[in-house]
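Trainee: Submitted below is the structure of interest, expressed as structure tokens.
Since every read-out is calculated from the coordinates, none of them should be taken as a lab result. All values reported here derive from a predicted model rather than from experimental measurement. Cβ atoms come from the backbone with ideal geometry, glycine included; neighbour counts cover every protein chain shown.
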2 protein chains.
Amino acid sequence: MKRPTIDDIARRAGVSKGAVSFALNGRPGVSSETRRRIQAIAAELGWQPNSLARALFDGRPDVLGLVVDRPARTLGLEPFFMQLISGIEATLSAASVGLLLQMTEDHEAEISIYRKWWAQHRVAGVFVVDLRVADARIAVLEELRLPAVVIGGPGGTGRLPAVWIDDGGALAAVIEHLAGLGHRRIARVAGPEELMHTGVRTAAMRATAARLGVESVTVYADYSGESGERATLDLLRGPDRPTAIVYDNDVMAVAGTAAAREAGISVPGELSVVAWDDSALCLLARPHLTAVSRDIAACGAHAARALLDLVQGREVADARQANPRMVGRGSTAPVREPVQLMVGNIETKRV
Amino acid sequence: MKRPTIDDIARRAGVSKGAVSFALNGRPGVSSETRRRIQAIAAELGWQPNSLARALFDGRPDVLGLVVDRPARTLGLEPFFMQLISGIEATLSAASVGLLLQMTEDHEAEISIYRKWWAQHRVAGVFVVDLRVADARIAVLEELRLPAVVIGGPGGTGRLPAVWIDDGGALAAVIEHLAGLGHRRIARVAGPEELMHTGVRTAAMRATAARLGVESVTVYADYSGESGERATLDLLRGPDRPTAIVYDNDVMAVAGTAAAREAGISVPGELSVVAWDDSALCLLARPHLTAVSRDIAACGAHAARALLDLVQGREVADARQANPRMVGRGSTAPVREPVQLMVGNIETKRV
DNA sequence: CGACATATATGAACCGGTAAATCCAAGGGG
DNA sequence: CCCCTTGGATTTACCGGTTCATATATGTCG
């Protein structure tokens, strides 16, 4: 099957190539009569612009790129990416812009992918995810002048526009909720320390805990179920056993909950659990997990719109997304009597 | 930053554009001395071919496409796609070929994406997943002569090469295993009936059950946790309660197991459970789920190699991937005494 | 009625590669 | 000494669009 070109249309319409281009792109230079005729022929032939020719001319393809740099092992269960991608995709496909996806397991490799994409004119811009503290990608993208939108932040994104969800506020709300239930020793099993939002949450946790006068401790894991399990058991066997644990993703929360119960610690009786990212996983676990729910797809959609704008040379401002909210379920409960009493006493004395 | 072109190199080397092209593509027509000089300059300038110009010339971009047509809701937890994509990606990125990803929630829409991709010269070929019975995509792709490799089958793929995993054999092995444990009433919570591999598994189940003289029943669900839960409860409350259930994916298996236990049915005491797709999810559940383990990433990698070959005009044969194997864990056990005795009696009488 | 603006269309250049055709000089054979 | 081959390079056309400079007609106005 041969794909029609504007030359075919021009011949059929008995006009020049240029006229066809004008007619199909809605720019002046052809009579409305001719325009209609040309459009009719184009429709009849099923003509579609050759994206390569177009992109070659204006030096920029209508494709945006996303590099995912996480071990495939932890990626599979992580609903985050699929949701993010589906949000991005919804916006891009409406704009007839493609999404180029590449996976890697190495920060340096990711940077060289950007360089390559840029040099080969493969993408007009990129989405940056999993922002790190002092992220090396930022400087490279600025140097290349490759349009980029960072999903994450705020801060640490240089001159690149950022789209983010207020993790700090959400974590504060979680701590407040737990403190309200009487918890006085709250632990958190966090994601990798080098990730920016891990730091944001840690800071928020520290501040909120201090404000409310509760103890807090953060241990770092890698988002995988095994790491969550290990971290949980360490916390539960340690000297000051927490009465509540907040997890930085739902995979670790589910694994941690199962591990705790196997160790004979009832959830939520002796331990309350809060998950981050409210995916179906939280409903697969028993009890159902209380979780922080964020609209990740909406965030992706917003980032996509921002990047489309940026590529077209428009100014783009940083944007905080709708606040996450906590969905209460069966994994959180008031602290049990003995502990509560003791704490109560202390509190009473203080008053 | 300006990206160097072969013209820049030609000027620097004091030769013509053509000479540079020959030198950099390793074709005859330049002396080895000149070739070295040109290559050195190209390396120094950090030249990379403009993929658009190249693709425009030979009418085919070095990009392959994948359309994922599943509701975003069930996609998130489905480790299948991430594993498949990561396998595909590993092969493609080694070959410097991009992967264009698009999501949709509509079979018809998927077909029009193919037409559009083809008409716009966006991809050189596509991967087809979730093969259906009498799949409408096959004819369209053949008509367009768009190179395509079907991940799924065998059969029903027309003239398109297929790469598949032997689901039928694996299901037979599972039934044999369960029958060996004494199970005589085995149910299966399957994926959507319109999917080809669902049918393959159903046929294998029926045949194996008949051969071994066990009862089998299949009910259809949609891969989501809720649907798995519902199907499980229906089976357990029905007249002939099965003593074992095989699930077509791990999400439904986990949900089903949890639902059964909540209904007071012990796993594996009163009910054995086998999951399909051995992801981390199976280890998050309690008890750990016995599962059919397939190397999905390897399958994706193979499909990618096949499609790369196909795009370059080489003949590609159908290929069955390494057989899946069953990983025994805590969710399967011999049938309990009362049932086993009863069945035993019947069997004895028959003999 | 001639000068001039306007509308409509054409032709050619360009984007950055690839490849076929052509050119040129050196070397070999008759 | 001339013809022919051959290696090494150049020229040129082409892929399929976009756009700019340039032609023609048409109409307007002084």
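Trainee: What is the calculated FRET efficiency for B:GLU215 to A:ALA263, with r their C-beta to C-beta distance and R₀ = 30 Å, to the nearest 0.05?
Mentor: 0.15
Trainee: Per residue, what volume in Å³ does the convex hull of the Cα atoms of region B:225-341 enclose?
Mentor: Per-residue hull volume (Cα only) is 129 Å³.
Trainee: To continue, here is another question. Under 8 Å for C-alpha pairs, at least 6 residues apart: give me the relative contact order for chain B, rounded to a whole percent.
Mentor: 16
Trainee: Angle between the Cα long axis of helix B:337-350 and the longest principal axis of chain B, 0 to 90 degrees, nearest 10?
Mentor: For helix B:337-350, the angle is close to 80 degrees.
Trainee: Nearest 10 degrees, 0 to 90: what angle lies between the long axis of helix A:296-311 and the longest principal axis of chain A (Cα atoms)?
Mentor: 40
Trainee: Follow-up. Put a dot 7 Å past each Cα toward the Cβ at B:ARG145 and B:ALA109; how far apart are the dots in nm?
Mentor: 3.1
Trainee: Could I ask something else about it? For the protein assembly as shown, how big is Rg over Rh, using alpha carbon atoms and the Kirkwood form of Rh?
Mentor: For the protein assembly as shown, the value is 1.03.
Trainee: Hey, rough spin-label estimate for A:GLU193 and B:SER16, points 7 angstrom out along Cα→Cβ, what's it come to in nanometres?
Mentor: Label at A:GLU193, label at B:SER16, 6.3 nm between them.
Trainee: Next question. Region A:49-99 to region A:251-319: how many Å between their Cα centroids?
Mentor: 22
Trainee: Another question about this same structure. Report D for region A:210-283 in µm² per second (integer): Stokes-Einstein, Kirkwood Rh on Cα pairs, 4 °C, 1.567 mPa s.
Mentor: It comes out at roughly 104 µm²/s.
Trainee: Report the residue, chosen from B:VAL335, B:VAL129, B:VAL30, that carries the largest GNM mean-square fluctuation when chain B is represented by alpha-carbon nodes joined by springs under 10 Å.
Mentor: Answer for the Gaussian network model of chain B: B:VAL30.
Trainee: What Kirkwood radius, in Å to one decimal, follows from the Cα pairs of region A:61-215?
Mentor: After inverting the pairwise mean of 1/r, the radius is 17.2 Å.
Trainee: Additional query: For A:ALA203, which inter-copy label distances result when the label point lies 7 Å beyond Cα on the Cα-to-Cβ vector, reported in nm to one decimal and in ascending order?
Mentor: 6.1
Trainee: Can you figure out the FRET efficiency of B:SER293 with A:VAL327, using R₀ = 51 Å and their beta-carbon distance, to the nearest 0.05?
Mentor: The pair B:SER293/A:VAL327 has a calculated efficiency of 0.95.
Trainee: Can you tell me the orientation of helix A:225-237 relative to chain A, as the angle in degrees between its alpha-carbon axis and the longest Cα principal axis, to the nearest 10?
Mentor: Approximately 20 degrees, to the nearest 10.
Trainee: A further question on this structure: Give, in whole angstrom and from largest to smallest, the semi-axes √(5λ) of the equivalent ellipsoid of region B:128-244, with λ running over the eigenvalues of the Cα gyration tensor.
Mentor: 32, 17, 9
Trainee: State the number of lysine pairs found in the protein assembly as shown whose Cα atoms come within less than 26 Å, restricting to pairs 8 or more positions apart or on distinct chains.
Mentor: 6
Trainee: Taking chain B as the region of interest, what is the percent of Cα-Cα pairs per 20 angstrom bin, listed from the shortest bin to the one with the maximum distance?
Mentor: P(r) over chain B, rounded to whole percents: 27, 43, 21, 8, 1.
Trainee: Find every distance from the label point of B:ALA263 to the corresponding label point in the other copies (7 Å from Cα along Cα→Cβ) and write them in nm, one decimal, shortest first.
Mentor: Its label point is 3.3 nm from the equivalent points in the other copies.
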